Amino acid sequence: MSEKPLRVGLYGGAFDPPHRTHMALAQVAIEQLQLDVLHIVPTGHAWHKQRPLTEARHRLAMCQLAFEGLQKAMIDDRETLRNGPTYTVDTLAELRALYPEARLFLVMGEDQARALHTWHRASDVGRAATICVASRSDSNAASGPAASEIALQDAVFQPLHLPPSPTSATDIRDKAARGESVAPLVFESVARYIDQHHLYQTA
């Protein structure tokens, strides 16, 4: 009798910096999807970002600190090692090769989900993994990923329920640029790293 297929999650993003809401979403994904492993994948060259990202080495280091101790989560540097733009469809293909019999789950927030139909080879992304969208209980359901769900008709969407959280990486970067403490918004170890390496400072 064969073993039950693995349940493998992919949670990608800039993580610039990783904050408490990122951790909350990772925990929710592992628990609600009953994942065997969650690959947390900081993006490499983000083709869709208008601003330059912080160096990959710093974002990887902060992810190691932020997700330290979260069972079944692993920091995956594969996208930062690629040349040129990095695409989720390629990462999913690599995970499929790594876990041939697994069921793949792509974890994302509402903002990412609403733009999913604009992603590189979006239809292939939808066929490669179950799309798991975290919605906050304080969000407006009417602004959900309707466009992506319509455009990706072959995709399977699954909701994840996330506690309310106002934290955003943009707010954290802005506070750090003004010299304000970001400790309440990120884990203490990440706040120390940001301070020690003078990240997000404009001067």
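The values are calculated or read from the model by the stated rules, or taken from the named source; none is laboratory data. As the structure is a prediction and not an experimental result, all values here were calculated from the model. Quick reminder, even Gly has a Cβ in these numbers, built from the backbone with ideal geometry, and neighbours come from all protein chains shown.
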If you take the residues in segment 155-167 that are in contact (Cβ under 8 Å) with a residue 60 or more places away in the chain and part of a loop (DSSP other than H, G, I, E, B), which one is surrounded by the fewest Cβ atoms within 10 Å (Cβ to Cβ)? Pro163
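What's the total number of residues in segment 45-55 that are at pLDDT 85 or above and either surrounded by fewer than 17 Cβ atoms within 10 Å (Cβ to Cβ) or over 15 Å from the mean Cα position of the chain (by Cα) (or both)? First the steps, then the outcome.
Narrowing segment 45-55 to residues at pLDDT 85 or above: 52-55.
Then keep just the ones that are either surrounded by fewer than 17 Cβ atoms within 10 Å (Cβ to Cβ) or over 15 Å from the mean Cα position of the chain (by Cα) (or both); that gives 52, 54-55.
Counting residues in segment 45-55 that are at pLDDT 85 or above and either surrounded by fewer than 17 Cβ atoms within 10 Å (Cβ to Cβ) or over 15 Å from the mean Cα position of the chain (by Cα) (or both) gives 3.
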Answer yes or no: is there a residue in segment 51-72 that is in contact with a Leu (Cβ under 9 Å, 6 or more places away or on another chain), of a type outside the set (S, T, N, Q), closer than 20 Å to Thr86 by Cβ and part of a strand (DSSP E or B). no
Looking at (1) closer than 26 Å to Arg192 by Cα; (2) in contact (Cβ under 8 Å) with a residue 40 or more places away in the chain, which one does Gln32 not meet, given that it meets all the others? (1)
Positions within segment 1-40 being surrounded by fewer than 21 Cβ atoms within 10 Å (Cβ to Cβ) and part of a loop (DSSP other than H, G, I, E, B), in sequence order: Met1, Ser2, Glu3, Lys4, Pro5, Leu6, Ala14, Leu33, Gln34, Asp36
Got at least one residue in segment 127-137 being of a type in the set (Gly, Ala, Ser), assigned to a loop (DSSP other than H, G, I, E, B) and free of Cβ contacts under 8 Å to residues at least 40 places away in the same chain? yes
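Count, please, the residues in segment 173-197 that happen to be on the phi > 0 side of the Ramachandran plot and touching a helix residue (DSSP H, G or I) at 6+ places or on another chain (Cβ under 9 Å).
Start the filter on segment 173-197 by keeping residues that are on the phi > 0 side of the Ramachandran plot, which leaves 179.
Within this subset, residues satisfying the condition of being touching a helix residue (DSSP H, G or I) at 6+ places or on another chain (Cβ under 9 Å) are none.
Here the count works out to 0.
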Which numbered condition trips up Glu110, out of (1) buried (at least 17 other Cβ atoms within 10 Å of the Cβ); (2) at pLDDT below 90; (3) over 30 Å from Leu199 (Cβ atoms)? (3)
Would you mind stating whether Ala176 is at pLDDT below 95, within 16 Å of Met62 (Cα to Cα), part of a helix (DSSP H, G or I) and within 22 Å of the chain's Cα centre (by Cα)? yes
State all residues of segment 25-41 that are within 24 Å of Val182 (Cα to Cα) and within 11 Å of the chain's Cα centre (by Cα); if no residue qualifies, say none. Leu25, Ala26, Ile40, Val41
